[in-house]
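Where a number appears in this text, it was derived from the coordinates with a stated rule and is not lab data. Predicted model, so just to flag it, every value in this text is computed and none were measured. For neighbour counting, all protein chains shown are included, and Cβ atoms are generated from backbone atoms with ideal geometry for every residue, glycine included.
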Amino acid sequence: MASTSSSTLGLPKLHSLNKLTNKIPCSTFLRKKHVPWNTSKPNSIISVSCCLVDGSSVEAVKPASDKVKVETCTWNWKGYSIRYQYAGDTGPAMVLVHGFGANSDHWRKNIPVLAESHRVYSIDLIGYGYSDKPNPRELGDSPFYTFETWGSQLNDFCKDVVKDEAFFICNSIGGLVGLQAAVADPSICKGIMLLNISLRMLHITKQPWFGRPLIRSFQNLLRNTPVGKFFFQTVATRESVRNILCQCYHDTTQVTEELVDSILRPGLEPGAADVFLEFICYSDGPLPEELLPQVKCPVLVVWGDKDPWEPIELGRAYGNFDSVEDFVALPGVGHCPQDEAPHLVNPLIESFAARHATMKI
């Protein structure tokens, strides 16, 4: 779902939208490559892009077969119970990685369709969904809920459960998780699709120097005083969750009661407040522009152009990295394209996987 940049979850905008290109060294930019799209396939990127550019309608994606059954399972990771969903028994493997405050149910419109020709896994990152939520204060002085932790979880999941190389399909902060995992162990990831990846505008290096004391004080207030729990209680209500989703979904008709429930219910579980407060105070760790130059596998960046939290104007700079084969804009779509516009995203995922399925890592 949401990332912690900008006004996520009702947080005030504590940053100015400086140009992302000012934050990225010029030496990391390389000339754009021309990708040989397969125009013979109706679900290829070029056909979707053409439909988007000329404004004509996109051919509806066929509904998932009734034979596709989505299984819900648990996996023991370092003594913690991790929930994941699985469907499909043939084709390349792909792991779907959710964003901040979300869980594997955020891919419910994608799993059955993709599973017709892929082995599809959707995981609840530790601390989210119905996975365990250990109290970070009981795990030592070092931060626990970090991209390094989640990247390690993702790689171990592929080794223990998927038992194969896999494509990582990631939304929001899940994009940082996928990139971190791919950098940590390049032998696992065959390719990464980044859907509105978090810009991490509250990262310490992106905060204006004069605003850093205020931001740090605000984070300490939330994390170390009862104000934080009170703030979480105001956010973890049906009305608040619906309002937040209506901010980040451009097509608010897609904000259904089913969606609200899928986000709210796990957020009411014991430990959820501690995870929430820990992560919104996490201003360190890697940035996309630091990880992209290190990635060895192909990357496709997809961006809903109506995202109010991660502006596409800043995200376009990611398309210039050598690892990124293309940048695809989705007109009229917000922060969570996989759920708001699955008819656009599912064909992109299928086409991306088809192009690189036979690639040797």
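Couple of notes before you dig in:
- For TRP77, nonlocal amide neighbours, meaning residues 5 or more places apart or on other chains whose placed amide H falls under 5 Å from its own, are ILE82.
- One Cα centroid belongs to segment 158-203, the other to segment 226-274; the line between them spans 25 Å.
- The PHE210 and GLN294 beta-carbon pair, evaluated with R₀ = 25 Å, returns a calculated FRET efficiency of approximately 0.20.
- Least to most buried among LEU139, LEU194 (fewest other Cβ within 10 Å first): LEU139, LEU194
- Ordering CYS281, CYS336 by the number of other Cβ atoms within 10 Å of each residue's own Cβ, fewest first, gives CYS281, CYS336.
- Which of ILE126, ILE197 has the fewest Cβ neighbours within 10 Å, and the rest in rising order: ILE126, ILE197
- Model label sites at CYS246 and ARG265, defined 7 Å from Cα along the beta-carbon direction, differ in position by 2.3 nm.
- Around the amide H of ASP326, modelled in the peptide plane, lie the amide H atoms of VAL301, all under 5 Å away and 5 or more residues distant in sequence or on another chain.
- Residues in segment 183-214 that a label on SER142 would reach, taking backbone N under 20 Å of a point 7 Å out along Cα→Cβ: 183-186, 204
- Coil-residue GluC sites (Glu not before Pro) of segment 263-303, DSSP, other Cβ within 10 Å capped at 13: none
- Length available on full extension from SER217 to THR234: 0.36 nm per residue minus the Cα-Cα distance, which gives 4.1 nm.
- Low-density loop positions, chymotrypsin sites (Phe, Trp or Tyr not before Pro), segment 120-219 - DSSP coil, at most 10 other Cβ in 10 Å: TRP209, PHE210
- Taking 0.36 nm per residue of separation and subtracting the Cα-Cα distance, full extension of the segment from LYS78 to SER187 would add 37.1 nm.
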